[in-house]
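Written below as structure tokens is the structure these notes are about.
The values are calculated or read from the model by the stated rules, or taken from the named source; none is laboratory data. These numbers were taken from a predicted model, which means no experiment stands behind them. FYI the Cβ positions are ideal-geometry reconstructions off the backbone, even for glycines, and counts take in every protein chain you see.
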Amino acid sequence: MTVERTFSIIKPDATRRNITGKVIDKIESAGLKIVASKRVQLSREQAEGFYAAHKERGFFKDLVTFMISGPVVVQVLEGENAIAKYREVMGATNPANADAGTIRKELAESIEANTVHGSDSPEAAQTEIKFFFDDNEIVG
Ligand code: RTP
Ligand code: MG
């Protein structure tokens, strides 16, 4: 059994629609434990830094503009195989392709306004957690 931590963002489409609780319910129902959480307004510089790996992609500018369009909730999730498990709970990037029962199938608006972010590897999880949280803000 591998207990891991992953990094989650509840995106501006969810805070705007006041459905962060529905997202959190999906996370907790899957057995993932929220060990850190805060609501923040990202600056353009922060969002560009966070998504630096995507900066050559055609959707980069729109993605950054969307991610700063309102507050987000950043969280650290802990559990067995948390990284892969959360990606499953999230569903496919495009909600049209997401499986039934996933966050994106049930709640997302579009391929861009897709409600949640989750780390896609252990390396990304570590970098992304450090981007937003000090060790003393994470209580396991
Ligand atoms: P995330 O990083 O947010 O967890 O999502 P992901 O791995 O499923 O998707 P990724 O390919 O990493 O893309 C990052 C975010 O960019 C937006 N996106 N827009 N307009 C488009 O074609 C497009 N493609 C991706 C989405 O918000 C996606 O989550
Ligand atoms: Mg990604």
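Step by step: first the residues of the range 101-125, then only those that are assigned to a helix (DSSP H, G or I), within 15 Å of ligand 2 (Cβ to nearest atom) and not β-branched (Val, Ile, Thr), then the one that is farthest from GLU78 (Cα to Cα). Which residue is that? Per the criteria, the residue is ARG104.
Among (1) aliphatic (A, V, I, L, M); (2) surrounded by fewer than 20 Cβ atoms within 10 Å (Cβ to Cβ); (3) under 13 Å from the mean Cα position of the chain (by Cα), there is one condition MET90 misses while meeting the rest; what is its number? Of the numbered conditions (1) aliphatic (A, V, I, L, M); (2) surrounded by fewer than 20 Cβ atoms within 10 Å (Cβ to Cβ); (3) under 13 Å from the mean Cα position of the chain (by Cα), the odd one out for MET90 is (2). Confirm whether VAL76 is more than 10 Å from ligand 1 (Cβ to nearest atom), closer than 15 Å to ILE34 by Cα, aliphatic (A, V, I, L, M) and not in a helix (DSSP H, G or I). Here the answer is yes, as VAL76 does meet what is asked. Annotation note: of THR127, THR93, THR65, the sole residue that is more than 18 Å from ILE19 (Cβ to Cβ), without any contact (Cβ under 8 Å) to a residue 40 or more places away in the chain and near ligand 1 (Cβ under 10 Å from one of its atoms) is THR93. In the set (1) modelled with pLDDT under 95; (2) part of a helix (DSSP H, G or I), the condition left unmet by MET1 is number (2). Scanning the range 1-49 for residues that are touching a Phe, Trp or Tyr at 6+ places or on another chain (Cβ under 9 Å) and not hydrophobic (A, V, I, L, M, F, W, C) gives THR6, SER8, LYS11, PRO12, ASP13, LYS38, GLN46, GLU48, GLY49. Residues in the range 1-54 that are of a type in the set (Gly, Ala, Ser) and either surrounded by 15 or more Cβ atoms within 10 Å (Cβ to Cβ) or in contact (Cβ under 8 Å) with a residue 12 or more places away in the chain (or both): SER8, ALA14, ALA30, GLY31, ALA36, SER37, SER43, ALA47, GLY49.
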